[in-house]
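First the structure, in the form of structure tokens, and then the observations on it.
The values are calculated or read from the model by the stated rules, or taken from the named source; none is laboratory data. Owing to the predicted nature of the structure, the values given are computational and were not obtained by experimental measurement. Using ideal geometry, Cβ is built from the backbone for each residue, glycine included, and neighbour counts are taken over all protein chains shown.
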Amino acid sequence: MIQVEGVTKRYGPKTAVSNISFEVERGEIVGFLGPNGAGKTTTMRILTGFLPPTQGTASVAGFDVGKSPIEVKRRIGYLPEAPPLYPEMEVGDYLRFVAAIKRIPKKEIPRRVDAVLERTATGAVRDLLVGKLSKGYRQRVGLAQALIHGPEVLVLDEPTSGLDPKQIIEVRGLIRSLAGEHTILLSTHILPEVAGTCGRVIIINEGRIEASDTPENLTAQLQGANSLLLDIDGPAEEVRERLELDLAVRKVVEHEARNGRTVWRVEADKDDNLTRRLAEAVVTSGWGLYGMRSLGLSLEDIFLKLTSDESAAVQAEEEIPEPVAESDPSADEGSESGEGEDE
Amino acid sequence: MRKIWTIAMREFKVYFTSPIAYIVLAMFAVVFGYFFTSGLAFFMDYSASVQAQGGAGAPPLNVNQFVIEPSLGNMSIVLLFLVPMITMRLFAEEQRSGTIELLLTSPLQDYHIICGKWLGALLLYACLLLVAVLNISVLFLYTTPDWKPLLVSLLGLLLMGGSMIAIGTFLSTLTRNQIVAGALTFGVLLLLWVLNWISSYETSTFSRLCEYLAISPHFEQFSKGVIELKDLLYYVSAISLGLFLSKRSLEALRWKA
């Protein structure tokens, strides 16, 4: 449905997007993930025909963006990062205007406006001025605007930015409900959004695609190994020896001391029964097991790993002042698990 | 055409949902009203004295020449101030708020957007002319002015306003700051306005060129009820040039956005 081939975009000497290629199949929801300034918005603007690429071609629904922009624009619904709303218009008037410039036949406009108002649950604000709407409603009216001409492809640039948590959940739900009818490309720098809504993730950084896969596969691929945290009440050396007995276990490290007990970090090969076996081993040895937690790589870790070389440096720095890190165990764990992956 | 009209009607309505239309109309009504009333007072005074001197045999003074012509001529000065107020927001505001992205990603050609906006502004300008006509129509109650030259002057004013609005539309595409767009428009229009002053003390080719390029001298013939091809051509070219430059500027906007 969307095909991007070798697209490069330069602004003067600065390269915003560098030779990227990807495809999105019909009906897919693809998340475009990357830090701010990675080139997400630029890529979307190229797809929607707002910007011409410096090099390369992009096509939507079989139409080349450069050669037949009008055909492409008819098939794309686009929600820019700042919803393109006219504050001095009423919501209903605004949607009628958008419908008209999207070339919907005049007779059909009232029906379409009603349909998108219902779809995005904005019927209640129909007669209000756009400028008076809350951020959540603005975003929804923005979505309504993108949906009004029943586009095959939806391009949503950070659809949940600046919303409060409740609104974020609502907007995400709305996006999920649009899946199937539309092919959706959405960009975000918030990771749970991708995990929750997208079937596939394209990670982009500094204008290049770093990875493209399902959220699960990305996690699995990069994970490779398993790490666990075990909070055990028992004699340190014996515990270590017992834990190392397990065949899957590769390494046992003292993670921290807590209330006279020791928290161990266990690194092991992927093994579904590991948790169960270790718990059994601890309990049958007569020690107390106070806590057990998997330190799986979250999308956050993957994202950081893929997108920033600096993050490695940051992690290294974090590890030096051990006593300080103790006061913030969660940050410490995060960095250590990252380090574990590097080995 | 429907696409142009859709854009134009939105622009036109926005003028009336914001204070712009009311301020422009009120300012114009007051200033034009003053021009017209003082012109009329002068005319009555003058014709009374002519009657007194020449007796009943003297031919009556022409109300077209003494009232309508000067007041419509003065009107173009008011336009210098009002046109920038009308046009400065056209593209600058869309660029600032990001709504330009909606227009440029809609299945529209650039000329639909540009002509639509120009037309929207021209419609508001036509409302100003309507105020002028309202004033002048009072004359028809008491005397019989010639309506044909009046119609031609109105056409001339429409063309002159159209040219000024086209220039303002172009200048509004250059910046996302409305004040900058307005100031630029005022400066350029003022320059075009005074360009012919040079011809009063020089007769070189350059000064003749300046006179031709100036915007106001082309209205003189219209105000007398004469449509001259060169004047018509001047205004039509000015409008086309303004709209063409706007299109180019909009294309450039895509490249640098």
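Return the residues of segment B:16-57 that are within 21 Å of B:SER76 (Cα to Cα) and either within 14 Å of chain A (Cβ to nearest Cβ) or of a type in the set (Asp, Glu) (or both); say none if nothing qualifies. Working first, answer last.
Step one: list which residues in segment B:16-57 are within 21 Å of B:SER76 (Cα to Cα), which gives B:20-43.
Passing the criteria: B:ILE20, B:ALA21, B:TYR22.
Filter segment B:192-247 down to residues that are over 22 Å from B:MET75 (Cα atoms) and in a loop (DSSP other than H, G, I, E, B), then give me how many there are.
4
Out of all the residues in segment B:248-257, which are assigned to a helix (DSSP H, G or I), surrounded by 14 or more Cβ atoms within 10 Å (Cβ to Cβ) and within 14 Å of chain A (Cβ to nearest Cβ)?
Pass one, segment B:248-257, residues assigned to a helix (DSSP H, G or I): B:248-256.
Filter again for surrounded by 14 or more Cβ atoms within 10 Å (Cβ to Cβ), leaving B:249-250, B:253-254.
Scanning segment B:248-257 gives B:LEU250, B:LEU253, B:ARG254.
Give just the number: which of (1) facing chain B (nearest Cβ under 10 Å); (2) in a helix (DSSP H, G or I) does A:THR43 not satisfy?
Against the list (1) facing chain B (nearest Cβ under 10 Å); (2) in a helix (DSSP H, G or I), A:THR43 comes up short only on (1).
Suppose we filter B:LEU80, B:LEU124, B:LEU103 for residues that are farther than 21 Å from B:TRP5 by Cα and among the hydrophobic types (A, V, I, L, M, F, W, C); which single one remains?
Numbers: B:LEU124 fails: farther than 21 Å from B:TRP5 by Cα; B:LEU103 fails: farther than 21 Å from B:TRP5 by Cα.
Of B:LEU80, B:LEU124, B:LEU103, the one residue that is farther than 21 Å from B:TRP5 by Cα and among the hydrophobic types (A, V, I, L, M, F, W, C) is B:LEU80.
Within segment A:141-168, which residues are modelled with pLDDT of 90 or more and part of a helix (DSSP H, G or I)?
A:VAL141, A:GLY142, A:LEU143, A:ALA144, A:GLN145, A:ALA146, A:LEU147
Quick one: A:GLY49 ticks every box in (1) within 8 Å of chain B (Cβ to nearest Cβ); (2) at negative phi; (3) part of a loop (DSSP other than H, G, I, E, B) except a single one, so which number is it?
Failing condition for A:GLY49: (2).
For segment A:72-84, how many residues are within 7 Å of another protein chain (Cβ to nearest Cβ) and in a loop (DSSP other than H, G, I, E, B)?
Going through segment A:72-84 one residue at a time, the tally reaches 3.
Hey, any hits in segment B:138-149 for a residue that's among the aliphatic types (A, V, I, L, M) and either within 14 Å of chain A (Cβ to nearest Cβ) or crowded, with 21+ Cβ neighbours inside 10 Å (or both)?
Applying the first criterion (among the aliphatic types (A, V, I, L, M)) to segment B:138-149 yields B:138-139, B:141.
Still in the running and either within 14 Å of chain A (Cβ to nearest Cβ) or crowded, with 21+ Cβ neighbours inside 10 Å (or both): none.
No, that holds for no residue.
For every residue, the table says whether it meets (1) of a type in the set (D, E, K, R); (2) more than 26 Å from A:LEU129 (Cβ to Cβ).
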{"site": "B:TRP5", "(1), (2)": "no, no"}
{"site": "B:PHE12", "(1), (2)": "no, no"}
{"site": "B:TYR15", "(1), (2)": "no, no"}
{"site": "B:SER18", "(1), (2)": "no, no"}
{"site": "B:VAL24", "(1), (2)": "no, no"}
{"site": "B:MET27", "(1), (2)": "no, no"}
{"site": "B:ASP45", "(1), (2)": "yes, yes"}
{"site": "B:ALA48", "(1), (2)": "no, yes"}
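If a residue counts only when it is in contact (Cβ under 8 Å) with a residue 40 or more places away in the chain and over 21 Å from B:ILE114 (Cβ atoms), which helices (runs of 4 or more DSSP H) contained entirely in segment B:1-101 have at least 2 such residues?
Because the criterion is at least 2 residues that are in contact (Cβ under 8 Å) with a residue 40 or more places away in the chain and over 21 Å from B:ILE114 (Cβ atoms), the helices (runs of 4 or more DSSP H) in segment B:1-101 that meet it are B:20-54, B:69-87.
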